Each structure stands twice: as structure tokens, then as C-alpha cells.
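Q: Submitted below is the structure of interest, expressed as C-alpha cells.
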């Protein structure tokens, strides 16, 4: 006897050709959306961690004509206040050349020699366990040197966190949307299969097949299609991750570990085809059982 | 085995094909269903193999009222019925052996037993050399034998055959009838729908004659004689 074919010849259906590719693209988008959300989360986490306990104090440049000694004096007053504040661990003054270097992308090179009024920049490290009262400190600094700004990075980090959350919600919505479309596609293909093979199904019923027997034919087929589609989609996602890693490699020192996945995340990516296949299988089974119940 | 009490049937909202049909088929009996084309022979058989439901009346099969059956119960009853369809209804994409094996696989029999039974049965119907052939490559007569093999492989209690001799010559038709008689001797209740009056006359079995939407039961000539003989002996 030859290798046993399925009782319902679903493998010859048109869906057998297009559904794996449809599933593949959906899995691809789901994988990329999930990876984007994860990466964004990691990125923000890393920035948050890196910036926690770090403050920047900006002392505005004095009015033109004020002597260098007076400029130094303004900065020293701020440094003194910071140094004696409880909860401040370290105070480091940026040199003019360092400030010029920071401003170089906006104002061009050779800034230090151009006699432009540069603000005084002070990096402050605080005890994260017992930080100083920032509002009080900011008031003291402003009183000592009007216009002095205390930047705890929370404002822009908060915006970044909002952005990250938005991206995560968006990615979640994409996963849900694409997942729903995939489920609907399987439902449609299964119903089409039931309609196309109605005669075969009727014969099987008349021979004594119960509905779960018929459903098994469809669920096995959907499992195979899901596995094929899921494997193709995951492979495409993997290729995209590796290619993006290659492209971003040279600038990775500037960017936090974008697209560097943990072992668990690689594991999840590897499980994606199986999860897709199981979803397809369960969808097909429920569709068949639901549809057959309405048949005579 | 099969009992009809004032049973009527129709298709959709159409008129009744059969109405007020009452009959009783006892276990191990052999019946012909005769009548002109369109008289409802196939409809009667469709009721018996649970493809249609009575629109009126009461029908019991193996002692169960078919009206209240769940889908699972209907399936389990169908496993006790072998059907030879008029158009064979073989699955075109499956080989001869796979077609014949279907009832056993559906019933969840062990694969080694399935192979054993299929081999035996295909040899019995003279198709031992066509194990892996697809139905389309067989003649009408051969396809018919595959359909018969599929119908009987599950050793059904009730065998229904709709015009089983319609596509074969008289010689093969007679051989097929002998084959059904063999099964009947093994205890299977056999019901054969045919419009071949010559065949009905040649074999001595009860005839259910359909006409005007009702059925008339005519005892087999031999059994009439036997009844008469038994009556005179009493």
C-alpha cells in the first residue's frame, strides 16, 4: 500500500499554495513588531539605568564684557553649593574644550578659540539611595547665579518612555491585528475547503465518520501549512535581524544594544512557527466543528 | 432492524416523495426495493442510511428512534450500515485499497487488521491485482466491486445497495446478487433497490414495491409456498 494520503484531498487546494506565504508574511511582521517593542523597551531601560543618579547643571554665560575672573567666580559659587549639598557624591566641571566638543555638531569646530560665550557645564553624581531635594537645590543654584539650570534628564527621558510605550502598544496592536487576520484567513480557507470537499465529507459521514474525524483532516492540514508559513516567516525575520545588526554594527557603540536578543528571546523566535501552527490547527478544528454542526 | 411507521419524506420544501410508508425489516432478511424510476427507491434507501430525515412519521433503526439521535449517535449507527451507492461514490484521490479501508480506519481499527481485511476482501471481489490503482483507472464493473467491498468490510448489520446492477451486464449482475446472498447467509440484512424486474423475479426474496409515494410489501414467492407448506403441515 502506498503512503496514505489524507481522506480529504486538501493538499491539492489553491490555499495550499497561498496560505503558507500569507502566514509567513504575518509571522514576519509579528516577529519584527515584537522585536521592535522589546528592543525599544531595552533601550529605554538602559538609558534610564545609565542616567539614574546623573544630573547636569548649566551655568549661563555672563553678559558680554564681564571678566573671565567673574565668569569663573559664578561657576565656582555653583560648584561650592553642589559640593556641600548632602546627597551629592561627585561634582565634575566640564572644560571649555569638552563643552565645545559637545556643541560641535550644532555650532561647528574650533568653538573654544572663537571667544564665544559658553555656558558652564557641571556633571553631578548623586546618591540614588538618598538623593538631594532637587527642587530646593535648583532654587539655591538659581539664587546664587540667576539662570542656572538643573537638569535631571527626567523630562526628555519621560518623553522617551512615552515614545517607547507608544511603540510597544503599537507593536502589540500590530501583533493582535495580524494575528486576527491570520485567524480569519485560516477560517476562510477552512470554510472554503469544507465547501470544495463537501461531497467527500458527505461520503465520509455516510461511512460513519464523526465530526472530529473530519476536523482532524483539516487541522492536520492547517498544522502543516502553519508550520511551513511560520518557518518561512521566522527565517525572514531572522535574516532581517541579522542584516540590521550588520548595518547598525558600526554605530552600535553610539546606540545601545539594538536588536541584540537574549537567549529566551531567540527561543521565542524559534517557537513562533510552532505557535503559529498550533493557532492555525485549533482555528481549523473549531471552524470545522462549528460548520459541520450546522450541516444536516 | 428497520421499522417505518407512516413515514414521509421530501427534499427541502418540496412535495413528499414518500408518504405514509410503513414497513418492518427483520434481522437477517433480504429485500428488493422495486418500482419505476422516480418512485422513491433511492429516497427510501437514503432514509435508511440516515442521509435524510423523515418529514413525518416515526422511523427506528436498530431499535433506536432516529429523530432524537445526536450527530455522534448517527455516525455510530451508520457504521453498522454498509451502503453501495448507485454512482459508487468512491474517493477519486484514494487507491482501491484505501477506499475499501476507509470504514475500518474511520472506526479506528488497528492498521495491521485493516490491511489484512482489505487484502482478503479485495481478493474475494476479484480485485487483488488492483490494490494501488486509482478508481478512475478501473472499469464500471470493477468500481462497483470496490464499492461493494467498501460497503461490506465493516461487517455491517444492514447492507443497502442502490441499483448495484445498473452498470453491469446480466451475468455480472447475477454474480453480484449471489455475493449479496452470501452476505445475507452470514446474518446481514440486505436491501437492494433495483428496477431490473428480471433479476427480482430470478431471486426469491421479499419485494418492497414503490408507487404513488407508498410501499407495498410482496412476500417472496418461495416464502409464500413455504408458508403455505408450513400451514398445511400445522
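Q: Quick one: angle between helix A:211-248 and the longest Cα principal axis of chain A, in degrees between 0 and 90, rounded to 10, please.
A: For A:211-248 against chain A, the angle is about 30 degrees.
Q: Further question: Considering the Cα trace of segment B:20-113, what is its radius of gyration and what is Dmax, both in angstroms?
A: Looking at segment B:20-113, its Cα Rg and Dmax stand at 15.5, 47 Å.
Q: Determine one quarter of the surface area of the Cα convex hull of chain A, which equals its mean projected area, and express it in nm² to one decimal.
A: Seen from a random direction, the Cα hull of chain A projects 23.5 nm² on average.
Q: How far apart, in nm, are two points set 7 Å out from the Cα along the Cα-to-Cβ line at residue A:107 and at residue A:169?
A: 3.9 nm
Q: Where both residues lie in the protein assembly as shown, what percent of DSSP beta bridges are antiparallel, nearest 5?
A: 65 percent
Q: Determine the shielding of peptide A:4-16 by partner chains: average, over its residues, the number of Cβ atoms on other chains within 10 angstrom of each Cβ.
A: 2
Q: For the pair residue A:69 and residue A:286, how long in nm is the line joining their label points, each one 7 Å along Cα→Cβ?
A: 8.3 nm
Q: So what is the relative contact order for chain A, in percent, with contacts set as C-alpha pairs under 8 Å and at least six apart?
A: 32 percent
Q: What three numbers, in Å, describe the spread of the alpha carbons of segment A:156-198 along their principal axes, ordered from the longest?
A: The principal-axis extents, from largest down, are 62, 6, 5 Å.
Q: Can you work out the FRET efficiency for the pair residue B:65 and residue A:17, with r the C-beta to C-beta distance and R0 = 30 Å, to the nearest 0.05?
A: 0.05
Q: Quantify how strongly other chains surround peptide A:24-31 by giving the mean number of their Cβ atoms within 10 Å of each of its Cβ atoms.
A: Mean partner-chain Cβ count within 10 Å for A:24-31: 0.
Q: Separate question: Need one number: nm distance between label points at residue A:45 and residue B:182, each 7 Å from Cα along Cα→Cβ, rounded to one decimal.
A: So the two model labels end up 7.5 nm from each other.
Q: Work out the mean other chain Cβ neighbour count within 10 Å for the residues of A:209-218 and drop it here as an integer.
A: 3
Q: Highest mean first, how do B:206-213, A:133-140, A:276-283 rank when packing is the count of other Cβ atoms within 10 Å averaged over residues?
A: A:276-283, B:206-213, A:133-140
Q: Shape of segment B:172-216 from its Cα gyration tensor (a ≥ b ≥ c, root eigenvalues): rounded if a/c is under 1.5, otherwise prolate when a/b > b/c, or oblate?
A: Since a/c reaches 1.5 but b/c is at least a/b, the shape of segment B:172-216 is classed as oblate.
Q: Here's something else I'd like to know. What's the ranking of B:169-175, B:38-44 by average number of surrounding C-beta atoms within 10 Å, highest first?
A: In descending order of packing, they fall as B:38-44, B:169-175.
Q: Then there's this: Report relative contact order for segment B:1-157 in percent, whole number only (criteria: Cα-Cα under 8 Å, sequence separation at least 6).
A: 23 percent.
Q: Between the helical axis of A:134-144 and the dominant principal axis of chain A, each derived from Cα atoms, what acute angle in degrees is found, rounded to the nearest 10?
A: Its long axis makes an angle of about 30 degrees.
Q: Just to confirm the number: angle between the C-alpha axis of helix A:263-293 and the first principal axis of chain A, 0 to 90 degrees, nearest 10?
A: That works out to roughly 40 degrees.
Q: Determine the relative contact order of segment B:83-155: mean sequence separation of Cα pairs under 8 Å and six or more apart, normalised by residue count, in whole percent.
A: Computed over segment B:83-155, the figure is 51 percent.
Q: Using the Cα atoms of the protein assembly as shown to build a convex hull, what is its mean projected area in square nanometres?
A: Projected area, direction-averaged: 39.8 nm².
Q: Helix-derived [θ] at 222 nm for chain B: sum -39500 (n - 2.57) over DSSP H runs of at least 4, divide by residue count, nearest 500?
A: -11500 deg cm²/dmol
A short reminder: the numbers here are calculations on the coordinates, not readings from a lab. This is a predicted model, so every value here is computed, not measured. Note that we place each Cβ from the backbone using ideal geometry, even for glycine, and neighbour counts take in every protein chain shown.
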